[in-house]
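Undergrad: I'd like to ask you about the structure that follows.
The values are calculated or read from the model by the stated rules, or taken from the named source; none is laboratory data. As the structure is a computational prediction, the values presented were derived from the model and not from experiment. Backbone-built Cβ (ideal geometry, glycine too); neighbour counts: all protein chains shown. What goes into the accessible areas is simple: the full protein's heavy atoms, side chains included, and nothing from ligands, DNA or RNA. Shrake-Rupley method; radii C 1.70, N 1.55, O 1.52, S 1.80 Å.
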Amino acid sequence: MSFRNLLLGAVFACATPALAAPTSSFTGATANLAPSDPAGQWTRQARDYANTRFSPLTQINQKNVGRLRIAWSFSDGQMYGHEGAPLVVGDTMYVVTPYPNIAYALDLSKAGAPIKWVYQPNPDPRAIGEACCDKVLRGWAYADGKLIYNLLDDHTVAVDADTGKEVWRVLLDDVSKGPTMTQAAFVVGNKVFVGSSGGELGTNGWFQALDVKDGHTIWKAFTNGPDEGALIGSDFKPYYPWMKGKDLGVSSWPGEMWKQGASAPWGWVSYDPDLNEIYYGTSNPGPRVPSQRPGLNLWSSSVFARDADSGQAKWAYQFTPHDEWDYDGVNENVLIDIPWRGGHRKVMVHFNRNGFAYTIDRATGEVLVAKPFGLQNWAKEIDLKTGMPVVNDAAHPIVEKKVENICPPDIGVKNWNPSAFSPRTGLLYAGVFNSCMDLTNHIVQYIPGATYDGMEMARHPGPGGNWGEFIAWDPVQGKRVWSVKENLYVWSGAVVTGSDLVFYGTMDGWFRAVDARSGKVLWSQKLGSGITAAPMTFLGPDKRQYVAVYAGVGGGAGVLRREKGFMPGGNTLYVFSVDGNGIGTGSNQLVSQAGAAAPVSVPPAAAHN
């Protein structure tokens, strides 16, 4: 069955400002950058609670960005995919490897940023066989003098940031049954928010708040199942009627299939300090064969708003009801404020894998804007009155039959790779994909700890032959402003600065800086591996601005491993400065003064096929 002539649904026209706004802004959108850390530090993955990845630093600007050179680098020896961004607190940088999740503290005050300490948690090796899509870790957090992060084997650990000594370690699930943990821990006040992974393993996803002091569980919410376990009570007020009712996490599934319904919240977390609400998304339902699970399959492929203190759900919205294509809902929710019809709204912007970019009132769950941001043909539109997609009939999978040219494929128009928002331009910036799939489904049976999948995809590039792009997005109009075409998927995160520079990386190893207003590429540097991590920027103890990014292709980006230009794996953090000046260079003999030795690297197990 083919439907290559169906409406592709993506509008790629350049947007022009249509709302009264400051002359420097395309949209008038702003953001609360709490907790307003010192400009030169980077203490959480997205830098702020709102997930903007905006840095106010301006030393590196459009006049000198072309002079960026490598100031120093660091190889951690691990060959799985690298996806997190370094943290910088004071004169120390913190990095954590993919499995076996080794943490390093690097001394930025000394020549070459030598190792201060190393922490080796030695996670259970059984986790290697359970992880769906490489043995990755998407980030780590700093709070209360501790480095806090998840281990692949379902532990969360806290390490003394000064000494590298373990402060606490808690076990949150049983890895032998399928769940793992790859999410970046997220800290607000005295709480660490973490969620499970394992959307293809027949798990029932969960999200919980731990105490920063000792790691004990403060509250825990399951994704599927009875309202009581999902912390859905009288405060729960979804905007759309079809998500109102008792125990929908049970009744929207056949029988007891909700117990293996996946819906794991392995993506990003945001926080609104004014509403005191946490926002996070959930993954695909399980199994991925839709004919085996008739119903809406709540609360898969959804976003939740919860009271940060109690965990009680305030509202939810399901992006792709009865998700038939593995589109998930785990991508980042960027919290901004926009001018809207003569007033202002507190919203979240969410680039869903299904190809629609949603601007949602984050106080109520009302969808204000839902427009295609890339190539898609599975739905004609999102009906704003109902919040439901209008699905093209030809896009439904059929068991044991190949359905051709469904756009996007399972990995989406954008995956977990985080976008960035600039309060200067009012735009968001994101790496996106240009591809489709031929899809075949097979009936599967649930076996604890085994893959619970049933989808077979043959992916191919969309129009133009390029697999990826990097775009600027207007969240008020729901339009692209500009785009940069790339040969392969753009699977890196982004960072945008106060000098209107946006940094991102490509799977074929190019690290770029572009003009945030025009999209003009201002600088490119080829690195030793593909880039699937998020870049960041900071001020060193020498008061010099640096930009840093890991090059170590892996994770879901491996779906293109047979394409021309796909890079070998890597494990190197590259740190750039103007002319390469700083602690890693000098005209005399520099010597490292390390406080610890690196552990011996062990080759990883065979890559996931």
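Undergrad: Which three lengths, in whole Å and largest first, does segment 92-148 cover when its Cα atoms are put on their principal axes?
TA: Principal-axis extents of segment 92-148 (Cα, largest first): 40, 25, 18 Å.
Undergrad: Report, as a whole number in µm² per second, the diffusion coefficient that Stokes-Einstein gives for segment 387-460 at 20 °C and 1.002 mPa s using the Kirkwood radius over alpha carbon pairs. List each step's numbers first, then the result.
TA: Numbers: Rh = 15.0 Å.
Answer from the Stokes-Einstein relation: 143 µm²/s.
Undergrad: Give me D for segment 297-363 in µm² s⁻¹, whole number, from Stokes-Einstein with Rh from the Kirkwood sum over alpha-carbon pairs, 10 °C and 1.306 mPa s.
TA: Working: Rh = 12.9 Å.
It comes out at roughly 123 µm²/s.
Undergrad: Set the Förster distance to 51 Å, then compute FRET efficiency between D235 and H460 from the Cβ-Cβ distance, nearest 0.05. List each step's numbers first, then the result.
TA: Values: r = 46 Å, r/R0 = 0.90.
Approximately 0.65, to the nearest 0.05.
Undergrad: Separation between the S601 and V391 pseudo-spin-labels, each 7 Å from Cα along Cα→Cβ, expressed in nm?
TA: 4.5
Undergrad: For segment 219-263, what is the Kirkwood estimate of the hydrodynamic radius, computed as the reciprocal of the mean inverse distance between distinct Cα atoms, to one decimal in Å? Working shown, then result.
TA: Working: mean 1/r = 0.0907 Å⁻¹.
That comes to 11.0 Å for segment 219-263.
Undergrad: How many percent of all Cα-Cα pairs in segment 256-297 sit more than 16 Å apart? The partial results should precede the final answer.
TA: On the way: 419 of 861 pairs.
That tail contains 49 percent of the Cα-Cα pairs.
Undergrad: Turning to a different aspect of this structure: Would you work out the relative contact order for the chain, in percent, from Cα pairs under 8 angstrom that are 6 or more residues apart? It would help to have the intermediate numbers written out before the result.
TA: Working: 1866 pairs, mean separation 113.7, N = 609.
Computed value for the chain: 19 percent relative contact order.
Undergrad: Output the Kirkwood hydrodynamic radius of segment 155-205, Cα pairs only, in Å rounded to one decimal. Don't skip to the answer; put the middle values down first.
TA: Working: mean 1/r = 0.0803 Å⁻¹.
One decimal place: 12.4 Å for the Kirkwood radius.
Undergrad: Taking the Kirkwood radius as the inverse of the mean 1/r across Cα pairs, report the Rg/Rh of the chain. Write down the numbers at each step before the final one.
TA: Values: Rg = 22.4 Å, Rh = 23.8 Å.
With Rh from the inverse mean 1/r over Cα pairs, Rg/Rh is 0.94.
Undergrad: Expressed as a whole percent, how much of the Cα-Cα distance distribution for segment 407-522 exceeds 16 Å? Before the final figure, lay out the partial values.
TA: Working: 4230 of 6670 pairs.
It works out to 63 percent of all Cα pairs.
Undergrad: Mind jotting down a quarter of the surface of the convex hull over the alpha carbons of segment 327-451, in square nanometres, one decimal? Could the numbers behind the result be given before it?
TA: Numbers: hull surface 39.4 nm².
Spelled out: convex hull of the Cα atoms, projected over all directions, averaged, 9.8 nm².
Undergrad: I'd like the Kirkwood hydrodynamic radius of segment 182-292, using the inverse of the mean 1/r over distinct C-alpha pairs, in Å. All intermediate terms of the calculation are to be shown ahead of the outcome.
TA: Working: mean 1/r = 0.0672 Å⁻¹.
Kirkwood radius, segment 182-292: 14.9 Å.
Undergrad: Right, next: As a check on your grasp of the helix formula, calculate [θ] at 222 nm for the chain: sum -39500 (n - 2.57) over DSSP H runs of n ≥ 4, divide by the residue count, round to the nearest 500.
TA: Numbers: 3 runs with 13 residues, N = 609.
Helices in the chain give a 222 nm mean residue ellipticity of -500 deg cm²/dmol.
Undergrad: Carbon and sulfur atoms: what percent of the 1.4 Å accessible area of segment 277-336 do they account for? The partial results should precede the final answer.
TA: Details: 370 of 750 Å².
For segment 277-336, the apolar C and S fraction of the accessible surface comes to 50 percent.
Undergrad: Over the chain, average the accessible area per residue using a 1.4 Å probe and give it in Å², no decimals.
TA: Working: 20240 Å² over 609 residues.
With the other protein chains kept in place, the chain gives 33 Å² per residue.
Undergrad: Please report, as a whole percent, how much of the solvent-accessible surface of segment 101-188 comes from carbon and sulfur atoms (probe radius 1.4 Å).
TA: On the way: 1220 of 2670 Å².
Carbon plus sulfur share of accessible area: 46 percent.
Undergrad: In the chain, with Lys and Arg counted as +1 and Asp and Glu as -1 at Cβ, which of these residues, F356, G498, P241, has the Cα nearest the positive end of the dipole, that is, farthest along it?
TA: Of the candidates, G498 comes out farthest on the positive side.
Undergrad: In whole percent, and with a 1.4 Å probe on the protein chains, what portion of the accessible area of segment 453-609 is carbon and sulfur? Provide the component values of the computation, followed by the final result.
TA: Values: 2930 of 5930 Å².
Here carbon and sulfur together make up 50 percent of the probe-accessible area.
Undergrad: Based on DSSP loop calls and a cut-off of at most 10 other Cβ atoms within 10 Å, the longest stretch of the chain free of exposed GluC sites (Glu not before Pro) is what? Intermediate values should be presented prior to the final figure.
TA: Details: sites that count: E256, E400.
Longest site-free region, per DSSP loop and neighbour criteria: 1-255.
Undergrad: 7 Å from Cα along Cα→Cβ at both E381 and D160: what's the point-to-point distance in nm?
TA: For the pair E381/D160, the computed spacing is 6.2 nm.
Undergrad: The chain: longest stretch without exposed trypsin sites (Lys or Arg not before Pro) (DSSP loop, at most 14 other Cβ within 10 Å), sites themselves excluded? Before the final figure, lay out the partial values.
TA: Values: sites that count: R4, K63, K165, K213, K244, K246, R341, K385, K402, K520, K543, R562, K564.
Segment 403-519 is the longest.
Undergrad: Rounded to the nearest 5, what % of the DSSP beta bridges within the chain are antiparallel ones?
TA: Numbers: 131 of 135 bridges.
Restricted to the chain, the bridges split so that about 95 percent are antiparallel.
Undergrad: Can you tell me the relative contact order of segment 262-315? Whole percent, Cα pairs under 8 Å, sequence separation 6 or more. Mind showing how you got there, number by number?
TA: Working: 90 pairs, mean separation 18.7, N = 54.
With pairs under 8 Å counted, the relative contact order is 35 percent.
Undergrad: A follow-up question, please. Note down the nm distance, to one decimal, between modelled labels 7 Å out along Cα→Cβ at R341 and at T585.
TA: For the pair R341/T585, the computed spacing is 5.5 nm.
Undergrad: I've got another one for you. Between R169 and K259, what FRET efficiency follows from the Cβ-Cβ distance if R0 is 45 Å, with the result rounded to 0.05?
TA: Numbers: r = 28 Å, r/R0 = 0.62.
Plugging the Cβ-Cβ distance into 1/(1 + (r/R0)^6) gives 0.95.
Undergrad: Further question on the same structure: Under the 0.36 nm per residue contour assumption, what length would be gained going from the current alpha-carbon distance of I398 and T451 to full extension?
TA: Working: separation 53, 0.36 × 53 = 19.08 nm, distance 2.02 nm.
Length gained, I398 through T451: 17.1 nm.
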